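The values are calculated or read from the model by the stated rules, or taken from the named source; none is laboratory data. Everything numeric in this text was worked out from a predicted model, so none of it was measured. Cβ placement follows ideal geometry from the backbone for every residue including glycine, while neighbour counts extend to all protein chains displayed. What goes into the accessible areas is simple: the full protein's heavy atoms, side chains included, and nothing from ligands, DNA or RNA. Shrake-Rupley method; radii C 1.70, N 1.55, O 1.52, S 1.80 Å.
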Amino acid sequence: MSDKDTMNVSEAQIAVHWQEEDYYHPSTDFIAQANMTDKSIYQRFSLDNFPEYFKEYADMLDWDQYWHTTLDTSDAPCWKWFVGGKLNASANCIDRHLAKNRNKAAFIYLPEPEDETHQVITYQELYVRVNEMAALLRDFAGVKAGDRVTIHMPMVPELPVTMLACARLGAIHSVVFGGFSGKACGERVADSGSKVLVTMDAYYRSGKLLEHKSKADEAVRVAATEGQVVEKVLVWQRYVGKNSSNTAMAEGRDYFVYDALKEFSGKRVAPVSMPAEAPLFLMYTSGTTGRPKGCQHGIGGYLAYVTATSKYVQDIHPEDVYWCMADIGWITGHSYIVYGPLALGASSVLFEGVPTYPDGGRPWRIAERLGVNIFHTAPTTVRMLRKAAPDEPAKYDYHFKHMTTVGEPIEPEVWKWYHEVVGKGEAAIVDTWWQTETGGFLCSTMPALQGMKPGSAGPSMPGIHAIIYDEDGHEVPAGSGIAGNICIRNPWPGQFQTIWGDRNRYVETYYAKYNTNPASKDWRDWPYFPGDAAVQAADGYYRILGRVDDVINVAGHRLGTKEIESACMVVPEVAEAAVVPVADEVKGKVPDVYVSLKPGYEPSPEIEKAISDAISDNIGKIAKPKHIYIVPDMPKTRSGKIMRRVLSSISNGADVGDVTTLANPEIVEEVRRMVQGGGEDESYFG
Ligand code: WTA
């Protein structure tokens, strides 16, 4: 058994010891108003009717030209949906709502400082801003259909405006999470081949106005080392007409968007009618090896899937005030702040700041003030709010009819607090399991059709046919409660099309494990393997146990252990680095870093700081380790492989098991004493 397998099995075993919880049921009031109350949807979306059942989702969109082929498998496993169809995503998210809802709020934006008033951006206003920005991108920056544009921005309305302006032109946006470093952004600029980078001068985070534009300078430098020239850097301003960054603007390269926009005031740009299978965006996500993968999502399939799931799972009606407290820089924000809700003509709330600043009551003040009735967040935020201000929600007069959790498994205790305290016992909750790659939800209860079970994501979505396989490709009996690798048997429209520029890696990572005939054009031969372990209970509900690869899920964000290890290796004194996930009360998992030094170097606070800085610079603060341990040597197998499993057990206070076969068993005890105490090395440099 490999090092990796041992780690997975133990993680799965721990989880399977969790007991199954009792059901909670949605209220009759909720059911009476819900968008999806028809149980027969599961029959309509049975495999016998595949793939035609997805017509129901595609018909939620406006097509310039209707499609002729639902699913084209000729280039399996790169699936093409709704072939022959033409449409534009920005027209579907904006223009089609104007006739009836021109003056309805599309976005309600809340700056972090509470004394800055919120902004309501109506569909008409969004239409105007997106058109002007599209004109600027096209006529000033030379962006045309198929070009990639990297967007490195915080949570401000200018972010979705820029995304939708790209979509209007048929250009492919690649949004990089604002908290990522300039270097991480530059690598994504280079990989995507972006000539235009859109950024911002500064933004608020926990009460501080953070400078941001200098990251663009770094990104341009890094992209250049990989041969990608950025021709234009477009800089939005946190305060219109004022520069909140003290970094220089490079002559002939950097431009303030608000200045350049003056020329395009009132301009209209006809939405470019694009083939359904043309790419809408790239979203980079961490994988097992260092280089992040650019997940490519197509226009027609993706938009149809997120629109339908926003309607049925998020239960969004036009009159709802919907708040997804995620960052648009992640897939949740793309699908369930921007594209899904806007395609439905909803009012979607955007919040710049952190949920617990200035105190844990902030989200509830916002909910009360705006009359939010649908709330969507991640377990890490729920844990954070529960810790910071457990009794706060009761003090505010808001009522959620519906709440979502997404991004990682939620502990039943935390779920119950979310239900009773945040949801005041009134809200239907969905626990939605999915990924960057999948575009939209894979498992979730349909909120009016099934009971909720804390800790379980629920059955697979209508039209998504999940199956659990063991390592050897045998089917684990359905409903048996035995852990295995969860897979999806059929393609679906929301699924990504490929990894940008790396089809082989796409096939290798997601299909090779369970595909038996690489030449097959039959979708039945290509189960999709998302990389998660799961169990299915007798009632058909899936409980997700976590990732089986080397990816750490920190506060719902995916980080590759390899990425962090490579960042450590940048420090000249470091010889070896190993990163393992350690349980954290609030963030779920955080990285613990182990390094050994090259001969002749002694551990010091300076080296420790250099490692910490290298991680922040190369990836971003999000990857900040819980501890950095400078160890005399790594526990290793005789073949020289670092035993991450042993380090992981040490970090998590678990039994390290039998280590006698290691090349250097004595080092295990030494490291354990250093980490867990009982030796004088305890609390290394604090
Ligand atoms: C994990 C976020 C348990 C899972 C949408 C997946 C979850 C990874 C859940 C994708 C959930 C996501 N319960 N685990 N409800 N949702 N995950 O790409 O391991 O940032 O593979 O997409 O998060 O993370 P990503």
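For segment 305-325, the set of residues classified as closer than 23 Å to R365 by Cα and open to solvent by 30 Å² or more (accessible area, probe 1.4 Å) consists of P318, E319, listed by residue number.
Which one is farthest from I410 (Cα to Cα), of the residues in segment 449-477 that are among the charged types (D, E, K, R) and assigned to a loop (DSSP other than H, G, I, E, B)? Per the stated criteria, the residue is D472.
Can you pull out every residue in segment 202-216 that is open to solvent by 20 Å² or more (accessible area, probe 1.4 Å), part of a strand (DSSP E or B) and without any contact (Cβ under 8 Å) to a residue 60 or more places away in the chain? Residues satisfying the conditions are K208, L209, L210, E211. Of the residues making up segment 347-377, those that are touching a residue at least 60 places away in the same chain (Cβ under 8 Å), open to solvent by less than 20 Å² (accessible area, probe 1.4 Å) and either within 16 Å of the ligand (Cβ to nearest atom) or not β-branched (V, I, T) (or both) are S347, S348, L350, F351, E352, G353, R362, H376.
Looking at G439, G481, G501, G463, which one is in contact with a helix residue (DSSP H, G or I) (Cβ under 8 Å, 6 or more places away or on another chain) and within 16 Å of the ligand (Cβ to nearest atom)? Within the list G439, G481, G501, G463, the selection yields G439. Taken together, the residues in segment 569-626 that are among the charged types (D, E, K, R), within 30 Å of P409 (Cβ to Cβ) and assigned to a strand (DSSP E or B) amount to 3. Where helices (runs of 4 or more DSSP H) fall entirely within segment 69-187, those with at least 2 residues that are touching a residue at least 60 places away in the same chain (Cβ under 8 Å), open to solvent by less than 10 Å² (accessible area, probe 1.4 Å) and not charged (D, E, K, R) are at 123-139, 158-169. Here is the figure for segment 387-415: residues that are more than 16 Å from the ligand (Cβ to nearest atom) and surrounded by fewer than 19 Cβ atoms within 10 Å (Cβ to Cβ) total 10.
When the test is whether a residue is modelled with pLDDT of 95 or more, among the aliphatic types (A, V, I, L, M), buried (at least 18 other Cβ atoms within 10 Å of the Cβ) and more than 24 Å from H297 (Cα to Cα), A12 does not pass it. Here V257, V269 are screened, and the one residue that is modelled with pLDDT of 95 or more, surrounded by fewer than 22 Cβ atoms within 10 Å (Cβ to Cβ) and among the hydrophobic types (A, V, I, L, M, F, W, C) is V269.
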